[in-house]
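Chemist: Okay, handing you the structure first.
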Amino acid sequence: MLARSIGATITHQEGRGPPVRDNACPRLDSMELPRRGRGDELLPRGALTSIRARLRQVAARHDLTSIIACAFDHRTRMLPFIFADTRMAPAGVRAIGSALVDSGFSKTRIVLQQWNRHFRPALMQLEGRVPDLFLVSSMGLHSQRCMELIRDARRIDPAYRPLIIAGGPHAVYQPGELFSTDPADPTSADVAVTGEEFVLLNLLEVLLDFRAPGEPMRSAFLRARDEGALEGIPGLMYSRGSRDGVAEELVSTGPQRLVGDLDELPDPVLGYRLLEPPSRRATLSPQPVPAGQIRKLSPISSLVLTFGCKFACPYCPIPAYNQRQHRLKSPERIAQDMGRLYQAYGLRHFFGADDNFFNDHQRTLAIVDTLARAEFDGVPLRRKARWYTEVTVHDTLQMKEHLPLIRQAGCRALWLGVEDMTAALVNKGQTVNKTLEAFRLLHQAGICPMPMMMHHDAQPLYSRGSNYGLLNQVRLLRQAGAASLQVLMITPSAGTKLYESTFAGGQVFDRVAGRRVQPYMYDGNYIVASLHKSPWRKQLNLMAAYAYFYNPLGLARALLQRRSKVGLKPAGMQVVGMLGLIQTIRRTSGWALRLMIAQPRRLLAPPALRVPLRQVGQAPPPAPAPARPVELSVSASR
């Protein structure tokens, strides 16, 4: 969705000198996301289906055209996501496109900056006209590119300018950053959708009720906003003020209500029909990608299966985003989606957009049993489809008797949040022995275990006589059958319990050796938050861990073991990993050098809103106080 998948970023203050504390207005995104009242977290059953039906009745009369842009910063292209980042069309923008088409707005195009990095919104036309809606989806990592897209769209003559709607994880966790307070750079979205498809469709339904025949959507939005008609739509943030593009007050309508039954989501086949072909042009192509080329351009299809996780890790925003709900798609609908995507585009590989697929063991068994028995055109679906998703070590062991069935259902790889095998960083029921047992069981069942690990200040690169060191754990995972490796430094993520305290403790860097930390660097590959006396060592540790796992010896070992149930997949991951490691070293070695020659300038608090924020139903807050620098003495850990 515009709001699906997790990302985080920070906006930094200008200036030099000591650490800075920001004393401006508090913001929604400096803490864990708020939750609706008990019993009010979910939409009524059928609400998403009903609103699409109502919009179909009026869609022809309004004849809207829409462009959906997925912001992407190519500076993030390195391990562990390199190659997959451009070979899997994101689920969020596809879901929004599917929702619009299913609501009757078929004149919609999806532009991925992964494929179209030179796309210029100021030049966009669809079917010979400037679109009525310009929607931008972004993760926090890509927020600079997001704002560039918005800035360019605002160059369109105001008489023809589309309504600019921002969404995605960045809008969920840091919506205030989508609104400018600088008159010299009035780059603001008209409205931020801080929720999923239903919030967007609810907004459109209200605006179309206000819209006069032929009236620009932006004009209808301004009238609806000024009359207070948007205040009853949970999941929005928008600005009020007299200057176009400069926020003088922000209004939040509160947290969204979630779709509980994921079977109500529109057909995922629809979104693929809207993809803009890859090109170096700044303008749009006359036609979207032909169906026959989808599999070549996006061979992996991200697919919604379940949402929610029973663990409440303080560094993770997922439980709060889901308002502690576990949302499911029926086994029959999952099998149907896979079958339809195979029939329409020949797609055979599916990545489940799950937070923890094994979260509910009975529902998991129902899904895998259905997929194991499902047929498509008389052929078992498992022979046509291969799928992958995310789980935890604890739940994998709970499901160990059913791993052969899970493989029979078509599962070939599972990403496991190992984090730290010794549970020194976070305890999700994992220990060294339990983790190794889970990996060996998966490997024996023919499912590739794919560990996701977190490095932190207290963890050494190598420890003698224990399994605490990073390389010690990488070696154990490799011996237990890990097919790939993901190692990232723990980094502050907006919307989590640890976000504010990480800043307050003086861990977060503002600049190093004259270079300011940029949003794209908050991906865990760059050391941007640490109290270690030599943070450059942490940067080199990440490179060393990848080099220890991905190397020619690892490739040779994987080739010798090709007769195992997992086949050549580990060998293929070794090739991908070695190529990705080259890119990782190229991008991060300069940062390691800066950390080596200079002490970081640190921040003491998350950046705050520069304008008053009003929650619907609450009195306006006082005007913000100016920011002032504050000295901080940081004692570094060893």
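Chemist: Going through Thr422, Thr396 one at a time, which residue ends up being hydroxyl-bearing (Ser, Thr, Tyr), touching a helix residue (DSSP H, G or I) at 6+ places or on another chain (Cβ under 9 Å) and within 16 Å of Asp354 (Cβ to Cβ)? Give the steps one after another, and end with the answer.
Modeler: Numbers: Thr422 fails: within 16 Å of Asp354 (Cβ to Cβ).
The match here is Thr396.
Chemist: Taking Ala122 as the residue in question, decide whether it is more than 19 Å from Gly195 (Cα to Cα) and either outside any loop (DSSP other than H, G, I, E, B) or aromatic (Phe, Trp, Tyr) (or both). If you could, list the steps in order and put the result at the bottom.
Modeler: Numbers: more than 19 Å from Gly195 (Cα to Cα): yes; either outside any loop (DSSP other than H, G, I, E, B) or aromatic (Phe, Trp, Tyr) (or both): yes.
Against the criterion (more than 19 Å from Gly195 (Cα to Cα) and either outside any loop (DSSP other than H, G, I, E, B) or aromatic (Phe, Trp, Tyr) (or both)), Ala122 qualifies.
Chemist: Of the residues that sit in region 333-351 and are part of a loop (DSSP other than H, G, I, E, B) and out of contact with any Phe, Trp or Tyr (no Cβ under 8 Å at 6 or more places or on another chain), which one is surrounded by the most Cβ atoms within 10 Å (Cβ to Cβ)? Break it down stepwise before answering.
Modeler: Step one: list which residues in region 333-351 are part of a loop (DSSP other than H, G, I, E, B), which gives 346-348.
If we keep only those that are out of contact with any Phe, Trp or Tyr (no Cβ under 8 Å at 6 or more places or on another chain) too, we end up with 346-347.
Numbers: Gly346: 14, Leu347: 23.
Checking each candidate, the answer is Leu347.
Chemist: Let me confirm something: among Arg117, Arg94, which residue is basic (Lys, Arg), crowded, with 22+ Cβ neighbours inside 10 Å and touching a Phe, Trp or Tyr at 6+ places or on another chain (Cβ under 8 Å)? Explain how you work it out, then say what you get.
Modeler: Working: Arg117 fails: crowded, with 22+ Cβ neighbours inside 10 Å.
None of the others qualify; the one that does is Arg94.
Chemist: Shifting gears a bit: Kindly indicate the residue of region 310-332 that is in contact (Cβ under 8 Å) with a residue 40 or more places away in the chain and in a helix (DSSP H, G or I) and also farthest from Pro266 (Cα to Cα) among those meeting that condition. I'd like the intermediate steps shown before the answer.
Modeler: Step one: of region 310-332, the residues in contact (Cβ under 8 Å) with a residue 40 or more places away in the chain are 310-311, 313-318, 320-325, 327-331.
Now narrow it down to the ones that are in a helix (DSSP H, G or I): 318, 320-321, 331.
Working: Ile318: 23, Ala320: 24, Tyr321: 21, Pro331: 16 Å.
The extreme case among them is Ala320.
Chemist: Only one residue in Ala424, Ala413 is within 27 Å of the chain's Cα centre (by Cα), at pLDDT below 95, of a type in the set (A, V, I, L, M, F, W, C) and on the phi < 0 side of the Ramachandran plot. Which one?
Modeler: Details: Ala413 fails: at pLDDT below 95.
On inspection, the qualifying residue turns out to be Ala424.
Chemist: Mind listing whichever residues of region 164-189 are under 18 Å from the mean Cα position of the chain (by Cα) and among the aromatic types (Phe, Trp, Tyr)?
Modeler: Residue satisfying the conditions is Tyr173 alone.
Chemist: Applying the selection to region 545-594, what residues are over 20 Å from Gly481 (Cβ atoms) and of a type in the set (Val, Ile, Thr)?
Modeler: Ile582, Thr584, Ile585, Thr588
Chemist: What do you reckon, is Arg45 modelled with pLDDT of 95 or more, among the basic types (Lys, Arg) and not in a helix (DSSP H, G or I)?
Modeler: On the way: modelled with pLDDT of 95 or more: yes; among the basic types (Lys, Arg): yes; not in a helix (DSSP H, G or I): yes.
Yes.
Chemist: What about Thr194, is it in contact with a Lys or Arg (Cβ under 6 Å, 6 or more places away or on another chain) and either of a type in the set (Ser, Thr, Tyr) or crowded, with 24+ Cβ neighbours inside 10 Å (or both)?
Modeler: Values: in contact with a Lys or Arg (Cβ under 6 Å, 6 or more places away or on another chain): no; either of a type in the set (Ser, Thr, Tyr) or crowded, with 24+ Cβ neighbours inside 10 Å (or both): yes.
No.
Chemist: Among the residues of region 210-257, count how many are more than 27 Å from Gly495 (Cβ to Cβ) and either in a loop (DSSP other than H, G, I, E, B) or hydrophobic (A, V, I, L, M, F, W, C) (or both). Steps first, please.
Modeler: Of all residues in region 210-257, those more than 27 Å from Gly495 (Cβ to Cβ) come to 210-220, 222-224, 226-229, 242-244.
Checking the rest, the ones that are also either in a loop (DSSP other than H, G, I, E, B) or hydrophobic (A, V, I, L, M, F, W, C) (or both) come to 210-217, 220, 222, 224, 227-229, 242-244.
Number satisfying all stated conditions: 17.
Chemist: Restricting region 210-249 to residues that are in contact with a Pro (Cβ under 9 Å, 6 or more places away or on another chain) and basic (Lys, Arg), which is surrounded by the most Cβ atoms within 10 Å (Cβ to Cβ)?
Modeler: Going through the qualifying residues, I end up with Arg218.
Chemist: Report every pair of residues separated by at least 6 positions or lying on different chains whose Cβ atoms are under 6 Å apart, first residue within region 167-194 and closer than 14 Å to Cys146 by Cβ, second modelled with pLDDT of 95 or more and among the basic types (Lys, Arg).
Modeler: Thr187/Arg151
Chemist: Just give me the residues in region 361-407 being assigned to a helix (DSSP H, G or I) and among the charged types (D, E, K, R), in sequence order. Walk me through how you get there before you give the answer.
Modeler: Taking region 361-407 and keeping what is assigned to a helix (DSSP H, G or I), we get 361-373, 381-383, 393-398, 400-407.
Residues satisfying the conditions are Arg363, Asp369, Arg373, Arg382, Arg383, Asp395, Lys400, Glu401, Arg407.
Chemist: When Ala374 is evaluated against the numbered criteria (1) under 29 Å from the mean Cα position of the chain (by Cα); (2) crowded, with 21+ Cβ neighbours inside 10 Å, which criterion, by number, is the only one it fails?
Modeler: Here Ala374 clears every test but (1).
Chemist: Could you tell me whether region 501-509 includes any residue that is in a helix (DSSP H, G or I), surrounded by 17 or more Cβ atoms within 10 Å (Cβ to Cβ) and within 26 Å of the chain's Cα centre (by Cα)? Even if it seems obvious, please write down each step before you answer.
Modeler: Keep residues of region 501-509 that are in a helix (DSSP H, G or I), which gives 501-504.
Imposing the further condition that a residue be surrounded by 17 or more Cβ atoms within 10 Å (Cβ to Cβ) reduces the set to 502-503.
After this cut, where a residue has to be within 26 Å of the chain's Cα centre (by Cα) as well, the list is 502-503.
Looking for residues that are in a helix (DSSP H, G or I), surrounded by 17 or more Cβ atoms within 10 Å (Cβ to Cβ) and within 26 Å of the chain's Cα centre (by Cα), one finds at least one in region 501-509, hence yes.
Chemist: Out of curiosity, is Ser279 surrounded by 21 or more Cβ atoms within 10 Å (Cβ to Cβ), of a type in the set (Gly, Ala, Ser) and in contact (Cβ under 8 Å) with a residue 40 or more places away in the chain?
Modeler: Numbers: surrounded by 21 or more Cβ atoms within 10 Å (Cβ to Cβ): no; of a type in the set (Gly, Ala, Ser): yes; in contact (Cβ under 8 Å) with a residue 40 or more places away in the chain: yes.
Criteria not met by Ser279.
Chemist: Quick one: count up the residues across region 527-545 that are among the hydroxyl-bearing types (Ser, Thr, Tyr) and crowded, with 24+ Cβ neighbours inside 10 Å. Write out each step before concluding.
Modeler: Of all residues in region 527-545, those among the hydroxyl-bearing types (Ser, Thr, Tyr) come to 530, 534.
Among the residues that remain, those that are also crowded, with 24+ Cβ neighbours inside 10 Å are: 530.
Number satisfying all stated conditions: 1.
Chemist: Within region 266-277, can one find any residue that is closer than 21 Å to Ile68 by Cβ, among the small types (Gly, Ala, Ser) and outside any helix (DSSP H, G or I)? Spell out how you get there, then give the answer.
Modeler: The initial filter retains those residues of region 266-277 that are closer than 21 Å to Ile68 by Cβ, namely 266-277.
Going one step further and asking which of them are among the small types (Gly, Ala, Ser), we end up with 271.
Okay, now just the ones that are also outside any helix (DSSP H, G or I), so none.
No, region 266-277 has no match at all.
Chemist: Taking region 377-401, which residues are farther than 30 Å from Gln293 by Cβ, surrounded by 17 or more Cβ atoms within 10 Å (Cβ to Cβ) and among the acidic types (Asp, Glu)?
Modeler: Asp395
Chemist: Are there any pairs, at least 6 apart or on different chains, whose C-beta atoms fall under 7 Å, with the first in region 292-305 and farther than 19 Å from Ile96 by Cβ and the second part of a strand (DSSP E or B), and if so, which?
Modeler: Every condition considered, the pairs that remain are Pro299/His349; Ile300/His349; Ile300/Phe351.
The values are calculated or read from the model by the stated rules, or taken from the named source; none is laboratory data. Small disclaimer: the values here were computed from a predicted structure and weren't measured. Reconstructed Cβ throughout: ideal geometry from the backbone, glycine too, with neighbour counts over all protein chains shown.
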